[in-house]
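Enquirer: Mind having a look at this structure? Questions to follow.
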Amino acid sequence: MIAVESADRFGSSWDWGTVPEWVTAAFTGMALIAVLAAVSQLRIHNRQLHRELENQYLQRFWGLWDARPEKFKRTDRIKHAGSVWIRDYLTLSNDQVELRELGRVTDGTWNFWARDIASFCFDYPELAEEARKNYAALRGLLSDPQIKRAISDRSVKVYDPLKWSRFERWRQGLLG
């Protein structure tokens with residue numbers, strides 16, 4: 001009532017009590033569209049941040065992969081499990097598992113990374129042994145009873161250290 005009285009004092013003839021319902025509905029609809037657009041933009045932004053981080057780790061992997069010793073390019077067994085390259089590879093892999101646990105890696109990328117990490121470690125049992133012994137995050141991945149099947153069968157669900165609900169993963173831009 002105060003708003004109507006003060007508006008009348010300045011010569012306005014608008015009656016604020018007679019705003020048509022369709023105007024209220026239209027503004028409510030526009031507000032809802034604005035909120036949905038903001039949520040969509042936030043998800044897109046989060047997804048882009050995840051992709052940038054994943055790309056940094058991919059660059060780090062390829063740099064390490066290109067510098068791998070000859071014995072990893074052949075099918076020979078690893079002679080010395082404590083080499084610098086092995087430590088660097090296992091540290092990178094451990095970091096990747098920890099990033100997933102923190103919710104910084106998308107579902108699709110994690111499915112790819114987990115299978116590749118496990119596959120490489122199982123190709124070289126000495127590497128898997130070193131990983132289980134000295135890298136806590138890798139221990140969970142390599143101890144999963146389904147992981148060996150998941151390497152060859154993409155329909156098998158792979159170990160996932162991220163314990164978020166599907167909705168939370170969607171909200172954070174991790175799905176897809």
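Derivation of every value follows stated rules applied to the coordinates shown; laboratory data play no part. Note that the coordinates shown come from a computational prediction; the quantities given were computed from them, not determined experimentally. Glycine also receives a Cβ, built like all others from the backbone with ideal geometry; neighbour counts cover every protein chain displayed.
Enquirer: To the nearest 20 Debye, how big is the dipole of the range 51-163 about its Cα centre, given +1 on the beta carbon of each Lys and Arg and -1 on that of each Asp and Glu?
Expert: Dipole about the Cα centre, nearest 20: 240 debye.
Enquirer: Provide the net charge surrounding ARG43, with neighbours chosen by a C-beta distance below 13 Å and charges set as Lys +1, Arg +1, Asp -1, Glu -1.
Expert: Result for the local shell: +3.
Enquirer: For an R0 of 45 angstrom, estimate the FRET efficiency from the Cβ-Cβ distance between ASN111 and LEU32 and round to the nearest 0.05.
Expert: So the FRET efficiency works out to roughly 0.85.
Enquirer: For TYR159, what is the net charge nearby, where nearby means another residue's Cβ is under 12 Å from its Cβ and Lys, Arg count +1, Asp, Glu -1?
Expert: +4
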